[in-house]
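One structure below.
The values are calculated or read from the model by the stated rules, or taken from the named source; none is laboratory data. On a predicted model such as this, the values are computed, not experimentally measured, just so you know. Reconstructed Cβ throughout: ideal geometry from the backbone, glycine too, with neighbour counts over all protein chains shown. What goes into the accessible areas is simple: the full protein's heavy atoms, side chains included, and nothing from ligands, DNA or RNA. Shrake-Rupley method; radii C 1.70, N 1.55, O 1.52, S 1.80 Å.
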Amino acid sequence: MNTLLNVENILFYAVICLYFLAMIGYFLFIGLKKERLAKAAAIVQTVGLLLHTAALICRGIGAGRLPMTNQYEFATSFAWGLCLVSLVFIAKFKFPVIGAFAAPVILLLIGYAAMQSKEVKDLMPSLRSSWLGFHVSTAIIAYGSFGVSFVLGIIFLLREKMKDKGFWDQHVPSREKLDLISYRSVCLGLLFLTFTIISGAIWAEQAWGSYWSWDPKETWSLVTWLIYAVYLHLRIRRGWKGKTAAVFAVVGFICVMFTYVGVNTFLPGIHSYA
Amino acid sequence: MKKIWKFLGSMQFAIILLVILAAACAGGSFIPQGLSPEQYAAQYSERVAGLIVGLRLDDVFHAWWFLVLTAFLCGNLLLCNLIRLPQLIRRTRAAADPGKLGTPSVHAEGVRDFNALLAKLRMPKAVEGSDGEGRPVRYSVQNRIGLWGAWVCHLGILLLILGFTLGQMTKEEYTVYGVPGETKRIAEQDYAVRINDFRVDRQENGFVQQYTSDLTILELSGGEQAAAIDTQASVNHPGSAFGFKIYQNAMGDAAKLSVRKDGETLQESYLCVGDALQIMGTPLYLQLQSILPDYETGADGHTRSGFAYLIYVGDEFYTMSVRAEGEQIADFKPYEVFFSEPCSYTLLQIKRDRFTPLALVGGVVTLLGLLLAFYLQTRKLWARREEDGTWTVFGSSPKGGALFADRVKDAVEQLKNQS
């Protein structure tokens with residue numbers, strides 16, 4: 001068990017180095033305008049993701065359970081989710097600039113994970129449920145997708161302010177397409193957030209005897225859901241598509257971060273371990 | 001009047017409600033809920049406390065204005081779905097009608113094989129027809145059902161809110177606690193719980209793995225047992241009987257309290273930590289405060305637990321102390337009062353909520369609606385044959401927009417390169 005956890009520790013720091021290198025690569029791609037650098041950065045990020053996956057597997061086997069039950073484990077899984085979703089969007093839409101904006105967020109998350117206690121603690125009875133894996137893994141994908149929509153919202157808002165029009169026109173989609181890609185990431189996030197909330201409600205009903213208790217974590221998940229529901233409705237209304245929707249994508253992710261970090265820090269409740 | 005109904009079912013009103021509800025939920029999570037006015041005054045100021053209590057911000061999620069907002073949201077969803085239903089039926093029919101193909105957002109010329117293009121885009125095979133101007137076209141429509149996504153999602157949310165609200169209004173919830181061997185009545189109901197066993201499973205390092213209560217739920221008729229169902233409740237695995245669900249909620253320490261006089265047992269029952277009992281024949285109440293394991297070691301080398309207790313005369317505190325297992329509490333003389341047999345009690349939550357399945361159905365329908373809306377987007381492609389034998393292709397996808405146009409262009413390019 002200790003050997004695996006030591007391996008996980010080494011891999012974790014290797015992953016931080018690789019994500020940092022990937023971020024530098026993406027920055028140089030924008031600074032030097034060399035496409036090869038973007039490809040190299042994406043390869044480094046992919047290797048980082050593979051090692052990150054290995055680190056999570058080592059932790060899971062070493063701890064004898066799913067590595068999703070405390071602040072450290074969720075933070076590193078959240079960074080993994082954002083890394084995965086950003087790479088999928090980079091590949092699907094041939095849009096490496098996403099990496100330049102996502103990499104700092106990934107580093108912030110994994111840096112936050114590094115500051116948390118890595119101690120493997122025993123699980124309290126209520127966490128020993130088959131719902132744990134589904135509930136938390138859907139939250140990781142949801143949060144990762146919202147992270148990408150946040151990045152796209154920022155790129156959307158910066159798009160017109162970029163001086164080198166040639167480079168940005170070549171490597172960044174039009175505002176119309178950016179809006180559509182952002183919409184896709186919000187759709188993925190909202191679908192998975194709904195899975196998270198519903199699976200959490202079913203689990204809460206079994207563990208606590210109530211599927212909804214207005215616990216701060218539950219309440220803020222609902223607030224996040226409502227904000228993204230507003231985003232979707234705003235996009236349908238003429239005149240709100242684009243800039244206003246991009247602002248809501250950014251605000252939505254701030255809610256996501258508050259649900260994850262802020263609620264645990266300022267609003268303790270029955271989710272205090274998460 | 002028509003304008004008011006239209007506004008109540010409008011998307012504009014939905015956005016306003018969603019923003020207000022989000023703000024109210026956020027506020028409710030920041031302001032401590034359920035405190036007394038004095039506690040709010042101590043935490044903030046008299047004025048702020050008055051404001052919190054006056055606006056029912058001390059119980060946001062049950063406040064009348066929160067319920068009104070939720071009712072408005074339900075009304076909005078219902079009206080929206082009712083207003084949109086005929087339009088949706090028309091749109092679904094029109095989507096399959098080549099005479100109503102609409103304005104294309106995709107345009108490509110020189111396509112040699114329209115069916116090959118459809119296959120590349122994983123769209124259904126084309127059907128012959130004629131467009132609105134009577135010209136022959138081949139057309140293919142995909143995911144018409146996706147048009148129903150938002151409608152289904154709204155329906156799901158409605159069912160969810162309805163199930164939750166009805167559940168809150170009608171649910172029965174009781175708490176029962178006791179030690180193995182005891183039978184406890186479920187409040188004033190014609191049911192009782194017999195606690196057969198209570199186990200705490202631990203890992204090798206002593207960490208608790210699971211709490212399990214073996215129970216028999218008794219149905220009573222005229223105070224007599226009419227029927228019985230055995231069940232087991234553990235954390236994450238509630239038991240069930242007679243429509244009730246039984247949850248393993250908590251546990252704690254308990255001990256047997258014995259009252260004797262001249263060797264005759266007058267009173268004997270288990271007392272849970274925190275509980276008080278009037279000692280018969282006296283005005284005194286004895287409350288068990290805590291149990292101290294390994295409190296003292298006897299001459300035989302065995303350790304005995306200690307029992308910390310408080311004594312009240314009516315509501316007035318009288319004294320407090322600790323006695324070892326079997327050691328008499330002198331304040332009750334001539335009665336011999338002592339604690340023994342420290343054990344664990346189980347605390348069970350017993351609940352009956354007939355509307356939980358409705359809320360669950362609502363949640364599943366909401367998910368289904370989101371899946372339809374997001375991942376079964378309606379796409380249309382149609383083509384006209386030109387004199388040179390090639391096809392001019394048109395298409396539209398309300399949600400795919402420019403991305404769908406790009407996909408079609410890429411597919412057309414790939415087919416041209418292949419040939």
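Give the range A:192-204 a look and list any residue that's open to solvent by 10 Å² or more (accessible area, probe 1.4 Å) and of a type outside the set (Gly, Ala, Ser), or say none.
Correct list: A:PHE192, A:PHE195, A:THR196, A:ILE197, A:ILE198, A:ILE202, A:TRP203.
Would you confirm, using the coordinates I've provided, whether B:ALA119 is assigned to a helix (DSSP H, G or I) and without any contact (Cβ under 8 Å) to a residue 40 or more places away in the chain?
Considered against the rule, which asks whether it is assigned to a helix (DSSP H, G or I) and without any contact (Cβ under 8 Å) to a residue 40 or more places away in the chain, B:ALA119 comes out as yes.
What's the number of the condition B:LYS351 fails, among (1) open to solvent by less than 30 Å² (accessible area, probe 1.4 Å); (2) assigned to a helix (DSSP H, G or I)?
Answer for B:LYS351: the failing condition is (2).
So, of the residues in the range A:170-179 that are over 12 Å from A:PHE95 (Cβ atoms) and facing chain B (nearest Cβ under 9 Å), which turns out to be nearest to the chain's Cα centre (by Cα)?
Selected residue: A:ASP179.
Among (1) over 25 Å from A:MET162 (Cβ atoms); (2) open to solvent by less than 30 Å² (accessible area, probe 1.4 Å), which single condition is A:ILE10 missing?
Here A:ILE10 meets the rest and fails (2).
Condition first: under 30 Å from B:LEU160 (Cα atoms) and β-branched (Val, Ile, Thr). Now tell me which residues in the range B:362-419 satisfy that.
The answer is B:VAL364, B:VAL365, B:THR366, B:THR378.
Report, by residue number, each residue of the range A:236-255 that is open to solvent by less than 30 Å² (accessible area, probe 1.4 Å) and more than 9 Å from chain B (Cβ to nearest Cβ).
A:GLY242, A:ALA245, A:ALA246, A:ALA249, A:VAL250, A:GLY252, A:PHE253, listed by residue number.
Report, by residue number, each residue of the range B:153-200 that is open to solvent by 40 Å² or more (accessible area, probe 1.4 Å), among the aromatic types (Phe, Trp, Tyr) and over 16 Å from B:LEU67 (Cβ atoms).
B:TYR177 - this is the single residue of the range B:153-200 that is open to solvent by 40 Å² or more (accessible area, probe 1.4 Å), among the aromatic types (Phe, Trp, Tyr) and over 16 Å from B:LEU67 (Cβ atoms).
Residue check: is B:ARG202 touching a residue at least 40 places away in the same chain (Cβ under 8 Å) and among the charged types (D, E, K, R)?
Considered against the rule, which asks whether it is touching a residue at least 40 places away in the same chain (Cβ under 8 Å) and among the charged types (D, E, K, R), B:ARG202 comes out as no.
Looking at (1) surrounded by fewer than 17 Cβ atoms within 10 Å (Cβ to Cβ); (2) farther than 30 Å from A:MET162 by Cα, which one does A:ALA55 not meet, given that it meets all the others?
(1)
Given the structure, is A:PRO104 surrounded by fewer than 22 Cβ atoms within 10 Å (Cβ to Cβ) and under 30 Å from A:TRP168 (Cα atoms)?
yes
If I filter the range B:58-93 down to residues being open to solvent by 40 Å² or more (accessible area, probe 1.4 Å) and touching a helix residue (DSSP H, G or I) at 6+ places or on another chain (Cβ under 7 Å), which single residue comes out as farthest from B:GLN33 (Cα to Cα)?
Looking at the filtered set, the residue picked out is B:ARG91.
So which strands (runs of 3 or more DSSP E) stay within the range B:207-283 end to end and still have 2 or more residues that are among the charged types (D, E, K, R) and open to solvent by 50 Å² or more (accessible area, probe 1.4 Å)?
B:224-234, B:244-261, B:264-272
To keep it simple, each residue is scored yes or no on (1) over 19 Å from B:SER344 (Cβ atoms); (2) in contact with a Ser or Thr (Cβ under 8 Å, 6 or more places away or on another chain); (3) not assigned by TED's automatic domain parsing to the domain that holds B:GLY178.
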{"position": "B:LEU257", "(1), (2), (3)": "no, yes, no"}
{"position": "B:PRO283", "(1), (2), (3)": "yes, no, no"}
{"position": "B:PHE317", "(1), (2), (3)": "yes, no, no"}
{"position": "B:GLY326", "(1), (2), (3)": "yes, yes, no"}
{"position": "B:ILE329", "(1), (2), (3)": "yes, yes, no"}
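Here is a yes/no grid of residues against (1) more than 14 Å from chain A (Cβ to nearest Cβ); (2) open to solvent by 20 Å² or more (accessible area, probe 1.4 Å); (3) closer than 30 Å to B:GLY110 by Cα:
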residue	(1), (2), (3)
B:PRO342	yes, yes, no
B:ALA359	no, no, no
B:LEU381	yes, no, yes
B:ARG384	yes, yes, yes
B:PRO398	no, yes, yes
B:ARG407	no, yes, yes
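List every residue pair whose Cβ atoms sit under 8 Å apart, with the two residues 6 or more apart in sequence or on different chains, where the first one lies in the range A:100-124 and is under 29 Å from B:MET251 (Cα atoms) and more than 14 Å from chain B (Cβ to nearest Cβ) and the second, anywhere, is open to solvent by less than 70 Å² (accessible area, probe 1.4 Å) and β-branched (Val, Ile, Thr).
Filtered contacts from the range A:100-124: no entries.
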